[in-house]
Ligand SMILES: NC(=O)c1ccc[n+]([C@@H]2O[C@H](COP(=O)([O-])OP(=O)(O)OC[C@H]3O[C@@H](n4cnc5c(N)ncnc54)[C@H](OP(=O)(O)O)[C@@H]3O)[C@@H](O)[C@H]2O)c1
């Protein structure tokens, strides 16, 4: 039997755009109760309204910076308050993250390296540590981390992002061992090329360079990933989806990309 999501509390980090925002709408359409976090409150407010329109009665948001332990603790305390102090968090989606720059190591910037490791690795650890005490045992609760094909295959200019997502993959695997016996499920969903704000952020607002990444290909959409996240969380409580690699058909491998000519 599927695990129902209606009226279940779902916490999503990085809910202000891309996969996180689409997940808020998709879980909202299932009638789940949402706790949304990211740094941009104006964007979160818009996403919460969209999620309510999609069907949920409850979509709440609060500022969250996963690179800062006090921010994570404040956010999780706020989430606990919204749930009435109950140990009721059914789904945790560790999605906040991204890449900064695409420099070879020889030209890498400390700030880019630090941001990538802080968000994609330490952010997942901080949020998971803080949220785990809110998750019930043996009730089909799930932690879903967002990894990447970059965690499986290295590419030039991607050393730190690939290292960060490989780190996320190993954290997920270690946590599965640590959580064994609690009934809490944990998995990672690892997308390939998906058209979100990811490349715009990576190239620091250079829209032309960001568009080139997706030129001529049918990239994944944020909605494709959101649908998969709902599917993972709604499997029967005894089923754990460990690791899901999802790529557009046009991306056969990290560098093997079919691009259609314009016109
Ligand atoms: N798009 C792709 O091709 C792709 C492929 C594989 C994996 N991924 C991964 O998917 C996840 C979501 O990315 P996306 O594609 O949806 O990109 P996106 O549209 O840029 O979304 C990234 C989200 O992360 C949030 N975020 C970034 N730093 C944060 C911080 N310090 N604290 C809290 N939230 C933070 C952003 O919100 P604020 O800026 O408002 O804080 C935003 O909501 C990331 O982990 C990314 O690495 C993306």
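Read-outs: derived from the displayed coordinates by stated rules, not from any lab. Given the structure is predicted, the values throughout are model-derived calculations rather than measurements. Cβ: placed from backbone, ideal geometry, glycine included. Neighbour counts: every protein chain shown.
Below is a table of values for the structure above.
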{"quantity": "Test: residue 56 is farther than 26 Å from residue 241 by Cα, assigned to a loop (DSSP other than H, G, I, E, B) and either in contact with a helix residue (DSSP H, G or I) (Cβ under 7 Å, 6 or more places away or on another chain) or in contact (Cβ under 8 Å) with a residue 24 or more places away in the chain (or both)", "calculated": "no"}
{"quantity": "Test: residue 38 is within 14 Å of the chain's Cα centre (by Cα), crowded, with 24+ Cβ neighbours inside 10 Å, within 11 Å of the ligand (Cβ to nearest atom) and closer than 21 Å to residue 192 by Cα", "calculated": "no"}
{"quantity": "Selection within the range 68-91 - within 11 Å of the ligand (Cβ to nearest atom) and either at positive phi or not in a helix (DSSP H, G or I) (or both)", "calculated": "68"}
{"quantity": "Condition broken by residue 101, with the remaining ones in (1) over 23 Å from residue 23 (Cα atoms); (2) over 20 Å from the mean Cα position of the chain (by Cα); (3) assigned to a loop (DSSP other than H, G, I, E, B) satisfied", "calculated": "(2)"}
{"quantity": "Selection status of residue 65, in a helix (DSSP H, G or I) and either over 18 Å from the mean Cα position of the chain (by Cα) or within 16 Å of the ligand (Cβ to nearest atom) (or both)", "calculated": "no"}
{"quantity": "In the range 202-255, residue nearest to the chain's Cα centre (by Cα) [restricted to those that are more than 15 Å from the ligand (Cβ to nearest atom) and more than 29 Å from residue 92 (Cα to Cα)]", "calculated": "252"}
{"quantity": "Hits in the range 1-29 (condition: more than 8 Å from the ligand (Cβ to nearest atom), in a loop (DSSP other than H, G, I, E, B) and closer than 16 Å to residue 89 by Cβ)", "calculated": "3, 4, 5, 6, 7, 8"}
{"quantity": "Search result, residues across the range 128-166 that are more than 19 Å from residue 104 (Cα to Cα), within 16 Å of the ligand (Cβ to nearest atom) and part of a helix (DSSP H, G or I)", "calculated": "128, 129, 130, 131"}
{"quantity": "Subset of the range 30-52 (residues that are without any contact (Cβ under 8 Å) to a residue 60 or more places away in the chain and in a loop (DSSP other than H, G, I, E, B))", "calculated": "31, 32, 39, 40"}
{"quantity": "Qualifying position, being free of Cβ contacts under 8 Å to residues at least 60 places away in the same chain and closer than 21 Å to residue 229 by Cα, among 166, 131, 150", "calculated": "166"}
{"quantity": "Some residue of the range 90-113 being in contact with a helix residue (DSSP H, G or I) (Cβ under 9 Å, 6 or more places away or on another chain), free of Cβ contacts under 8 Å to residues at least 24 places away in the same chain and either surrounded by fewer than 15 Cβ atoms within 10 Å (Cβ to Cβ) or under 23 Å from residue 232 (Cα atoms) (or both)", "calculated": "no"}
{"quantity": "Filter pass, residue 148 being over 25 Å from residue 217 (Cα atoms) and surrounded by 21 or more Cβ atoms within 10 Å (Cβ to Cβ)", "calculated": "no"}
{"quantity": "Any hit, the range 116-127, residues being closer than 23 Å to residue 90 by Cα, part of a loop (DSSP other than H, G, I, E, B) and within 16 Å of the ligand (Cβ to nearest atom)", "calculated": "no"}
{"quantity": "Hits in the range 209-238 - residues which are without any contact (Cβ under 8 Å) to a residue 24 or more places away in the chain and either within 30 Å of residue 180 (Cα to Cα) or touching a helix residue (DSSP H, G or I) at 6+ places or on another chain (Cβ under 6 Å) (or both)", "calculated": "210, 213, 231, 238"}
